[in-house]
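The values are calculated or read from the model by the stated rules, or taken from the named source; none is laboratory data. Remember, predicted model here, so these are calculated numbers, not experimental data. Neighbour counts are summed over all protein chains in view; Cβ atoms, including those assigned to glycine, are modelled from backbone coordinates with ideal geometry.
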Amino acid sequence: MAVDYTTHDGVAVITLNNPPVNGLGLSTRAGIVEGIERAQNDPAIKAIVLTGAGKAFSGGADITEFNTPKATQEPTLATVIKTVESSAKPVVAAIHSVAMGGGLELALGAHYRIAAPGAQIALPEVKLGILPGAGGTQRLPRAIGLEAALNMIVSGAPVMSQQLARSGLFDELAEGDLAEAALAFARKVGAKEGPHPKVRERKIEHPNAEGFIQFARNSVATLAKNFPAPLKCIDAVEAGVKNGFDKGLAVERECFVALVQTPESRALRHAFFGERAASKIPDVPADTPVREIRQVAVIGAGTMGGGIAMNFINAGIPVTLLETKQEALDRGLATIRKNYEASVKKGKLKPEALEERMALITPTLSYDDLKNADLIVEAVFEELGVKEQVFKRLDEVAKSGAILASNTSTLDVDKIAAFTRRPQDVVGMHFFSPANVMKLLEVVRGKETAKDVLATVMKLAKKIKKTAVVSGVCDGFIGNRMIEQYIRQALFMLEEGALPAQVDRAIEKFGFAMGPFRMSDLAGNDIGWAIRKRRYQEHPEMHYSKIADRLCETGRFGQKTGGGWYDYKAGDRTAYPSKLVDEMIVAHSKETNTQRRKIGDDEIVERLVFALVNEGAKILEEGIASKASDIDMVYLTGYGFPLYRGGPMLYADTVGLYNVERAIRRYASQPNGDAWQLAPRIAELAAQGRGFNG
Ligand code: 3HC
Ligand code: NAI
């Protein structure tokens, strides 16, 4: 049973009991209605307390039921709230920990609300691409005022209960035991004559509601580009302000039904569950014991090492930072300090916190100082020989049970593990640059990596606020292996007739934060060049356009050299199309006897995105990623794939794998078609009428 019913001396207590967060699924909803009716029919009961067991009052509607028959089956949440609101006996919502979405809407339907301090109160529906669909857009403005409510509804951000103490939302803030306080409160109001107050009957007071709503609409329109939900929230609130509660409720319902079916909402829900699913590894049970990480060491204080160290320091974990030379150490520390100073300047970090954070770093040139570290992350030069030296040394000094991680982006983690006598303790922790900012962490599982090492790193990733995705060992892991195919297509298209600005514009219009050429200029074209040179040796059969090599031969490595695919002016990151480069591209087509043609934006987007999808499908087939949503999380958090499209694999599902397959077969029959080897997984799923995500 998802709801418990108990009585306490004239008070009925209805306790939602649907772990983990008391989601308002069908059985919970039915249980609440049953409880309210039971209390009505029991003459001994004078008042009702509605509360939640475990770690939430309620996290809201059960998202897993969306777009299933259960979502609309009676009693719907609207029916539940109506039942609560029209109860002749007063209902007191006793709120603790979390009251979100439908959970808060349910509480707003009660006659009274009492909260424990420290509870997170939110209407986070916009984050799932929908709007509060059970009266939230109507009742919250009546409870806490138009401006405060609209802010909460449009941002979805949680507010702590104590901050709302005087807002009109709560009748009381319980400092001591919530259950006791709620019972006492219920007895008090149970002794009162009805009818009991209803939030729906309150008025929305605002000196210039219309003006404020217009102002809100203008600001939200720019901020919420590509996401339809926030503007719909304003429509629903406005309808209630202008035409009263019932009309407002009808508009809210209409908007909810429309939004829940949008691809944007599907994408946001996919990302919500994808993020949580990423931390679950099929053969590593949730109860796998983890190792304690109290102290971390980072080897190498360069671009990555410094950023990696900051992650741990920010989470309060002390870091020993090791370098080979004092100058390198000083340089690394100075960069970390500069980053914190910038945060202080922006008001993101309190000035006193700067020294506290710096004090958590112990700089050293000696491996002896690493012997207490529970985790050591290596971020030295990307050369196997250098990694060998470091890991052999770590094997000598690290304490038994310490986790040895490498931040390598291209080297074989199994080879690195084999430099030690403890390959079970070795794992890849592939951070993305800038490591203190980017959310993504690829956790690379070697063939011998122990399960508790993985479980520990996944747990630690949460602590340092990263989205961790497990990847098997392969060249480029999940993200870079896929991006290589994307870049390959981008280069072929230059040869066939496009120019860098056109390619970037098309994919940026699709929603990518940055097109491949602007991205490459930012990262440094020399990085891709080095990788291609290696490919020419290792995979001579693989065919690449040589146009990027021609560019690199002229020394145009990107922003750092003042020019790459684009021209740059000193102190200005704007990419200006380069006449010289464009001419070089046209000349290259001529040299390779390629007839240039006009390439449409649709083709550009298809070839770039389907190149990701095709390689992603191979990654799934090989078991490098355990599920399609892991791949999507890599692209959403590390590569600027548009969130409202949910990642490449979900996007492919939206287009339909039948269509993806046809497009890939078509490109395979055109010039440079050898780059398109259709992944069998796509054909299999398409034949079954399925997608990557079911
Ligand atoms: N429905 C179904 N499952 C939910 C859920 C929900 N509303 N909220 C959380 N869960 C699940 C998670 O998927 C996760 O499952 P797992 O253990 O199998 O991975 C589990 O609960 C725990 O979630 P977290 O790992 O996120 O736990 P935290 O303690 O870190 O956070 C939380 C708890 C703050 C409640 C967070 O889960 C959250 O923000 N949930 C979403 C809340 C939300 O968006 N509610 C609105 C729903 S839509 C709605 O109510 C529509 C209504 O207006 C009609
Ligand atoms: P970097 O050149 O900026 O820094 C490397 C640092 O390691 C230098 O400060 C150097 O002095 C130090 N170092 C070299 N040998 C050492 C040794 N034996 N002991 C201790 N310190 C030593 O390089 P970067 O960019 O930080 O890369 C480091 C690692 O991170 C590489 O494996 C790279 O592939 C990987 N990586 C880099 C990314 C990037 O965008 N730069 C992204 C993800 C991973």
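Summary of values
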{"quantity": "Answer from A119, A134, A143 - the residue that is in contact (Cβ under 8 Å) with a residue 40 or more places away in the chain, over 29 Å from the mean Cα position of the chain (by Cα) and assigned by TED's automatic domain parsing to the domain that holds I36", "calculated": "A143"}
{"quantity": "Whichever residue in segment 279-310 is assigned to a loop (DSSP other than H, G, I, E, B) and of a type in the set (S, T, Y) and, among such residues, is farthest from ligand 1 (Cβ to nearest atom)", "calculated": "T288"}
{"quantity": "Residue ID - farthest from ligand 1 (Cβ to nearest atom), chosen from residues in segment 337-373 that are outside any helix (DSSP H, G or I) and either touching a Lys or Arg at 6+ places or on another chain (Cβ under 6 Å) or closer than 22 Å to Q424 by Cα (or both)", "calculated": "K371"}
{"quantity": "Candidates I317, I313, I376, filtered to the one that is surrounded by 15 or more Cβ atoms within 10 Å (Cβ to Cβ), assigned to a strand (DSSP E or B) and more than 10 Å from ligand 2 (Cβ to nearest atom)", "calculated": "I376"}
{"quantity": "Set Q138, Q120: member being away from ligand 1 (no atom under 11 Å from the Cβ), touching a helix residue (DSSP H, G or I) at 6+ places or on another chain (Cβ under 9 Å) and at pLDDT 95 or above", "calculated": "Q138"}
{"quantity": "Which listed residue, of M584, M649, is crowded, with 24+ Cβ neighbours inside 10 Å and either outside the structural domain of T554 (by TED's automatic domain parsing) or over 14 Å from Q485 (Cα atoms) (or both)", "calculated": "M649"}
{"quantity": "Filter result (assigned to a loop (DSSP other than H, G, I, E, B) and either among the small types (G, A, S) or surrounded by 15 or more Cβ atoms within 10 Å (Cβ to Cβ) (or both)) within segment 531-545", "calculated": "Y544, S545"}
{"quantity": "So A99, is it within 16 Å of ligand 1 (Cβ to nearest atom), assigned to a strand (DSSP E or B) and more than 19 Å from V237 (Cα to Cα)", "calculated": "yes"}
{"quantity": "Output for segment 63-85, where each listed residue is in contact with a helix residue (DSSP H, G or I) (Cβ under 9 Å, 6 or more places away or on another chain) and either in a loop (DSSP other than H, G, I, E, B) or more than 16 Å from S27 (Cβ to Cβ) (or both)", "calculated": "F66, N67, Q73, E74, P75, T76, A78, I81, K82, V84, E85"}
{"quantity": "Some residue of segment 311-327 being small (G, A, S) and either more than 15 Å from R294 (Cα to Cα) or over 26 Å from the mean Cα position of the chain (by Cα) (or both)", "calculated": "no"}
{"quantity": "Flag if T320 is farther than 29 Å from I478 by Cα, touching a helix residue (DSSP H, G or I) at 6+ places or on another chain (Cβ under 6 Å) and not aliphatic (A, V, I, L, M)", "calculated": "yes"}
{"quantity": "Count - residues of segment 254-274 that are free of Cβ contacts under 8 Å to residues at least 40 places away in the same chain and either within 16 Å of ligand 2 (Cβ to nearest atom) or under 18 Å from T637 (Cβ atoms) (or both)", "calculated": "0"}
{"quantity": "Odd one out for L360, checked against (1) within 16 Å of ligand 2 (Cβ to nearest atom); (2) out of contact with any Leu (no Cβ under 6 Å at 6 or more places or on another chain)", "calculated": "(1)"}
{"quantity": "Odd one out for A405, checked against (1) part of a strand (DSSP E or B); (2) surrounded by fewer than 17 Cβ atoms within 10 Å (Cβ to Cβ); (3) not charged (D, E, K, R)", "calculated": "(2)"}
{"quantity": "Among (1) touching a strand residue (DSSP E or B) at 6+ places or on another chain (Cβ under 8 Å); (2) of a type in the set (K, R); (3) buried (at least 17 other Cβ atoms within 10 Å of the Cβ) - the single one K439 does not satisfy", "calculated": "(3)"}
{"quantity": "Selection within segment 554-581 - part of a loop (DSSP other than H, G, I, E, B) and within 12 Å of P500 (Cβ to Cβ)", "calculated": "R556, G564, W565, A575, S578"}
{"quantity": "Residues (surrounded by 16 or more Cβ atoms within 10 Å (Cβ to Cβ) and either of a type in the set (S, T, Y) or more than 11 Å from ligand 1 (Cβ to nearest atom) (or both)) located in segment 53-81", "calculated": "S58, P75, T76"}
{"quantity": "Among (1) assigned to a loop (DSSP other than H, G, I, E, B); (2) at pLDDT 95 or above - the single one G694 does not satisfy", "calculated": "(2)"}
{"quantity": "From the options E352, E388, residue that is in the same structural domain as T456 (by TED's automatic domain parsing), more than 11 Å from ligand 2 (Cβ to nearest atom) and either within 29 Å of V443 (Cβ to Cβ) or exposed (fewer than 14 other Cβ atoms within 10 Å of the Cβ) (or both)", "calculated": "E352"}
{"quantity": "Residue in segment 149-168 that is at positive phi, assigned by TED's automatic domain parsing to the domain that holds Q40 and out of contact with any Lys or Arg (no Cβ under 9 Å at 6 or more places or on another chain) present", "calculated": "no"}
{"quantity": "Flag if L499 is in contact with a helix residue (DSSP H, G or I) (Cβ under 9 Å, 6 or more places away or on another chain) and either crowded, with 22+ Cβ neighbours inside 10 Å or not assigned by TED's automatic domain parsing to the domain that holds Q389 (or both)", "calculated": "yes"}
{"quantity": "Subset of segment 146-183 (residues that are out of contact with any helix residue (DSSP H, G or I) (no Cβ under 9 Å at 6 or more places or on another chain), buried (at least 16 other Cβ atoms within 10 Å of the Cβ) and closer than 25 Å to A216 by Cβ)", "calculated": "S161"}
{"quantity": "Residue match in segment 426-447 (condition: in a helix (DSSP H, G or I) and more than 20 Å from the chain's Cα centre (by Cα))", "calculated": "no"}
{"quantity": "Subset of segment 509-522 (residues that are crowded, with 17+ Cβ neighbours inside 10 Å and either assigned to a helix (DSSP H, G or I) or β-branched (V, I, T) (or both))", "calculated": "F510, P516, F517, R518, M519, S520, D521"}
{"quantity": "V92 in a strand (DSSP E or B), over 17 Å from P158 (Cβ atoms), away from ligand 2 (no atom under 16 Å from the Cβ) and aliphatic (A, V, I, L, M)", "calculated": "yes"}
{"quantity": "Odd one out for N218 among (1) part of a helix (DSSP H, G or I); (2) in contact (Cβ under 8 Å) with a residue 40 or more places away in the chain", "calculated": "(2)"}
{"quantity": "Cβ-Cβ under 8 Å pairs, at least 6 apart or on other chains, segment 307-326 side in contact (Cβ under 8 Å) with a residue 60 or more places away in the chain, far side of a type in the set (S, T, N, Q) and crowded, with 22+ Cβ neighbours inside 10 Å", "calculated": "I308/N407"}
{"quantity": "Search result, residues across segment 454-471 that are over 14 Å from E615 (Cβ atoms) and not in a helix (DSSP H, G or I)", "calculated": "I464, K465, K466, T467, A468, V469, V470"}
